[in-house]
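Readers should treat all values here as calculations from the given coordinates under stated rules, not as data from a laboratory. Values in this document were obtained by computation on a predicted structure and should not be read as measured data. Positions of Cβ are backbone-derived with ideal geometry, glycine not excepted, and every protein chain shown enters the neighbour counts.
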Amino acid sequence: MRPVLRRRRHNQSERGANMVEFAIVVPLMALFVFGLIELGTAWRDTLTVNTAARSGVRIASNLGNERLSDWETISSVKAALGDIDSADILSVIVYNAAATDGQIPAACLSGGGTSVIGSCNHYTPAQLETLSESDFGTTGAACSASSPDRYWCPLDRSTIQGSLDHIGVYLRIQYQSKTDILPFDTLTIEDSAVMRVEPRLETSI
């Protein structure tokens, strides 16, 4: 009988050890899997923001000094950000990328984003929800005093070969944690893209 008792004790010991290993490994595996999901989702949104900035700046570059340039730009950006909740879009800024490195002027980022005369048009989350094409539809040689793009009016952008403006589109969104597994609830993702304004044949030199 003694050998049988020893085998039973040995089996019980193995089962106990397996249970301890299971209790340790499973939480670690869950942490690893959910961490990968979180990081993968955040990376996907980062790529989406990058793509949206590039999509917007291509439109802005192509339209140049046309009256509805900013409206078409932010419409393109919103379409490219389709998988991201509109409530998580913090800023869209169309700016004059006159700096050598093409970076957005620091003044345009003040307080989370602001419009600066001659430098940038900042579009708030509320504006992105409510603006329509008619808000940009003023006519004449200058943007109206109520137009949201009046600070750096598209009509003032140079499309003359040799003195072309460089235009940038800056985006900032707030990524919301999906699993609460990482040490943050939200993460700010930002990106920008810059292109030269396309010249107009009728004004080229």
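Treating only the Cβ of Lys, Arg, Asp and Glu as charged (+1, +1, -1, -1), what charge dipole size does the stretch 60-197 show about its Cα centre? Round to the nearest 20 debye.
360
Tally Lys/Arg at +1 and Asp/Glu at -1 over every other residue whose Cβ is under 14 Å from the Cβ of I173; what's the total?
-3
Given bins 5 angstrom wide, list per bin the percent of all Cα-Cα distances in the stretch 2-203, short to long.
Result returned by the calculation: 1, 7, 13, 15, 15, 10, 7, 5, 4, 3, 3, 3, 2, 2, 2, 2, 2, 1, 1, 0, 0.
Mind jotting down the distance between the C-alpha centroids of the stretch 167-184 and the stretch 71-142, whole Å?
Result: 18 Å between the Cα centres.
Run the quick spin-label model on T46 and S144: label points 7 Å from Cα toward the beta carbon, then report their separation in nm to one decimal.
So the two model labels end up 4.3 nm from each other.
Applying the Karplus parametrisation 6.51 cos²θ - 1.76 cosθ + 1.60 with θ = phi - 60° to the phi angles of the stretch 105-117, what ³J(HN,Hα) value in whole Hz is obtained for each residue in order, glycine and proline being reported as x?
x, 4, 4, 6, 9, 4, x, x, x, 8, 7, 10, 4
Quick check: net charge around P148, other residues with Cβ under 11 Å of its Cβ, Lys/Arg +1 and Asp/Glu -1?
-2
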